[in-house]
Amino acid sequence: MNLPNKLTVLRVCMIPFFVVFMLVPLTGKWDKWIALALFVAASLTDMLDGRIARKYNLVTNFGKFMDPLADKLLVCSALICLVDMGRIPSWIVIIIIAREFIISGFRLIASDNGVVIAASYWGKFKTVSHMLMICLMICDLQALAPVTDIVMWAALILTVVSLADYLMKNKDIIKETK
């Protein structure tokens, strides 16, 4: 259990606390700020664990499996909470989650064929836009509502573009399966 794997486990452990502060009124006006701090901290562990693992050659099978799963759990939990709170339309969340399932399935098929599908720049832009969108929606500041809407639409567009990019670049993976 090296440092990157510990950060991944920490991220997973933060998710229930994040969800509680998102959905259960505990401290009044501080709930959303505590939830935001937890989300930002969890997001930063995502950035750190990968960098540390690659820099110090600490990549493990556990990390390869759990890191993307932890990311999806964090983002999907946040998006589902935001739907529950009426801050994002459910159809947008369905598209985002469907994209994650499709890409995960593609990666599973690719790995069965000995192929690793690396994250593309579109996928990285998508991730950053999702994190920014979620942060803005957690804050729920009326003065930032137009910015939040623009970021939400940008995140949706990047979700679709990154999916199309993965599918086009890796269409041979489906053709090669038996």
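Placing unit charges on the Cβ atoms only, positive for Lys and Arg and negative for Asp and Glu, gives the chain a dipole magnitude near 400 debye about its Cα centre. Among Y121, Y166, Y56, the sequence by solvent-accessible area, most first, with a 1.4 Å probe is Y121, Y56, Y166. Positive contributions from Lys and Arg (+1) and negative ones from Asp and Glu (-1), summed over other residues with Cβ under 13 Å from the Cβ of V161, come out at +3. The stretch between D84 and I97, if pulled fully straight at 0.36 nm per residue, gains 3.1 nm over its current Cα-Cα span. For K72, the aspartates and glutamates whose Cα falls under 16 Å of its own Cα, not counting residues fewer than eight places away in the same chain, are D46, D49, E100. When the surface is traced with a 1.4 Å probe over the full set of protein chains, F101 keeps roughly 150 Å² accessible.
For the pair F65 and K171, the difference between a 0.36 nm per residue extended length and the Cα-Cα distance amounts to 35.9 nm. Counting only protein heavy atoms and using a 1.4 Å probe, the accessible area of K72 comes to about 50 Å². Could you tell me which of the pairs K6/K64; K126/K175; K55/K124; K29/K124; K124/K169 are separated by over 21 angstrom between their Cα atoms in the structure shown? Those over the limit are K126/K175; K29/K124. Legend: calculated FRET efficiency, A145 to R54, from the Cβ-Cβ distance at R0 = 35 Å, rounded to 0.05, equals 0.35. With a cut-off of 15 Å between beta carbons, the residues surrounding V147 carry a summed charge of -1, where Lys and Arg count +1 and Asp and Glu -1. Length gained on full extension, K6 to V24: 3.7 nm, using 0.36 nm per residue less the C-alpha separation. In the stretch 69-118, one over the average inverse separation of all distinct C-alpha pairs is 12.0 Å, which is the Kirkwood hydrodynamic radius. Among N61, A164, M14, whose Cα lies farthest out toward the positive end of the dipole of the chain, if unit charges sit on the beta carbon of Lys, Arg (+1) and Asp, Glu (-1)? Of the options given, the answer is N61.
Largest accessible area first, the residues L167, L132, L82 order themselves as L132, L167, L82 under a 1.4 Å probe with ligands, DNA and RNA left out. Can you bin every Cα-Cα distance in the stretch 1-79 into 5 Å intervals starting at zero and give me the percent of pairs per bin, rounded to whole numbers? Calculated over all Cα pairs of the stretch 1-79, the distribution is 3, 17, 27, 20, 14, 10, 6, 3, 1 percent.
Within the stretch 36-59, whose backbone N sits under 19 Å from a point 7 Å along Cα→Cβ of V128? Residues passing the 19 Å test: 40-52.
Each residue was assigned an accessible area with a 1.4 Å probe, and for W153 the value is about 120 Å².
Any idea how far the Cα center of the stretch 122-158 sits from the one of the stretch 1-38, in Å? A separation of 19 Å, based on Cα centres.
The values are calculated or read from the model by the stated rules, or taken from the named source; none is laboratory data. Note that this is a predicted model, so its numbers are computed, not measured. Positions of Cβ are generated from backbone atoms using ideal geometry, with glycine treated the same way; all protein chains shown enter the neighbour counts. Heavy atoms of the whole protein, side chains included, go into the accessibility calculation; ligands, DNA and RNA do not. Shrake-Rupley method; radii C 1.70, N 1.55, O 1.52, S 1.80 Å.
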